[in-house]
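Structure record follows, encoded as structure tokens.
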Amino acid sequence: MFDVVVVESEVREQHMLMSEVANVRFGDPESNYTEDKDLIELIGDADAVVCTARGKFTRNVIAAAKKLKIIAKCGSVPNNIDVEAATEHGVAVTYTPGANKTSVAEHALTLMLSLLKLEPKSMRALQNGQWKSEALQAEELTGKTVGLVGLGQAGFCLAEMLKVFHVNLLCYDPYVKKKFLHLPGQGLLIWILCFH
């Protein structure tokens, strides 16, 4: 059987599906695995590692994992993995681009609305019976100018969500070359600020 280490288990039951073909071990939920020695000890003789953002897979960690064949990151960018070192040691690195784009965009939109609606200040006031106050004059997102830094998958997803608010959307992304673009079928014009 293969030996698989799940550094941080989001949903343990889902990871246990691998138990039909592998011995599945889980990392300590209290550890961030910021020290090489802790991650080296956890991986041991594992054939595969499943991770998200916890743990830094440095050159030393990868070199010490003599049986390791793959590091599978459940996340959009393998920025906690030394991909060059993994390649040199014959360790495949996979990741899931776009897997969390909706969650990230929803979270950003929630934070925008929370700021405009004066949360949690207004919630505390409501709990204290103060529902009408000049200090709680909230703003609306509709019609505002919104700036986005980065138009990757999450940025585009957020831009799509913002269309219902009829915002003036200004974006900066050094990798987008056009001065403006339309989201397909959305009728939303995005102005791209180019500082090349």
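The values are calculated or read from the model by the stated rules, or taken from the named source; none is laboratory data. Everything numeric here is computed off the predicted structure, so don't read it as measured data. Please note: Cβ atoms are built from the backbone with ideal geometry, for glycine as well, and neighbour counts cover all protein chains shown. What goes into the accessible areas is simple: the full protein's heavy atoms, side chains included, and nothing from ligands, DNA or RNA. Shrake-Rupley method; radii C 1.70, N 1.55, O 1.52, S 1.80 Å.
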For residue 172, enumerate residues with amide H under 5 Å from its amide H, sequence gap 5+ or separate chain, H modeled in the peptide plane.
-> 148, 149, 150, 193
Using modelled amide H (1.01 Å from N, peptide plane; none on Pro or chain starts), what sits under 5 Å from the amide H of residue 80, excluding residues fewer than 5 places away?
-> none
So, over other residues within a Cβ distance under 12 Å of residue 94, counting Lys, Arg +1 and Asp, Glu -1, the net charge is +2
Each label point is 7 Å from the Cα along the Cα-to-Cβ direction; what then is the distance between the points at residue 13 and residue 134, in nm?
-> 5.4
Contact order normalised by residue count of the chain, Cα under 8 Å, 6+ apart, percent = 12
Reviewing (i) 27; (ii) 45; (iii) 30, the figure for percent of Cα pairs over 30 Å apart actually calculated from this model sits under (ii)
Summarise the accessible area of the chain (1.4 Å probe, protein heavy atoms) by the percent that is carbon and sulfur.
-> 56
A correct Karplus calculation of ³J(HN,Hα) over the stretch 56-64, with 6.51 cos²θ - 1.76 cosθ + 1.60, θ = phi - 60°, whole Hz and x for Gly and Pro, returns 10, 8, 7, 4, 5, 4, 5, 5, 6
For the chain, the longest site-free run once GluC sites (Glu not before Pro) in DSSP loop states with at most 16 other Cβ atoms within 10 Å are removed | 36-138
Ignoring ligands, DNA and RNA, what accessible area per residue does the stretch 1-133 give at 1.4 Å, in Å²?
-> 62
Ignoring the sites themselves, what is the longest stretch of the chain with no trypsin sites (Lys or Arg not before Pro) in a DSSP loop and at most 13 other beta-carbon atoms within 10 Å?
-> 1-65
For the stretch 72-85, Karplus couplings with θ = phi - 60° (6.51, -1.76, 1.60), whole Hz, Gly/Pro x | 9, 8, 8, x, 7, 9, x, 6, 9, 10, 7, 5, 4, 5
Per residue of the stretch 161-176, in order, report the coupling 6.51 cos²θ - 1.76 cosθ + 1.60 (Karplus, θ = phi - 60°) as ³J(HN,Hα) in whole Hz, putting x for Gly and Pro.
-> 5, 6, 4, 5, 8, 6, 8, 8, 9, 10, 10, 10, 8, x, 9, 9
Can you pull the accessible area of residue 107 for me, 1.4 Å probe, Å² to the nearest 10?
-> 110
In square angstrom, rounded to the nearest 10, how much accessible surface does residue 17 have for a 1.4 Å probe?
-> 130
At a probe size of 1.4 Å, how large is the accessible area of residue 103, to the nearest 10 Å²?
-> 80
Sorted by chain and number, the residues with a modelled amide H under 5 Å from that of residue 50, at a separation of 5 or more or across chains, are 5, 6, 7, 72
Restricting the count to DSSP beta bridges whose residues both fall in the chain, what percent are antiparallel, rounded to a multiple of 5?
-> 10
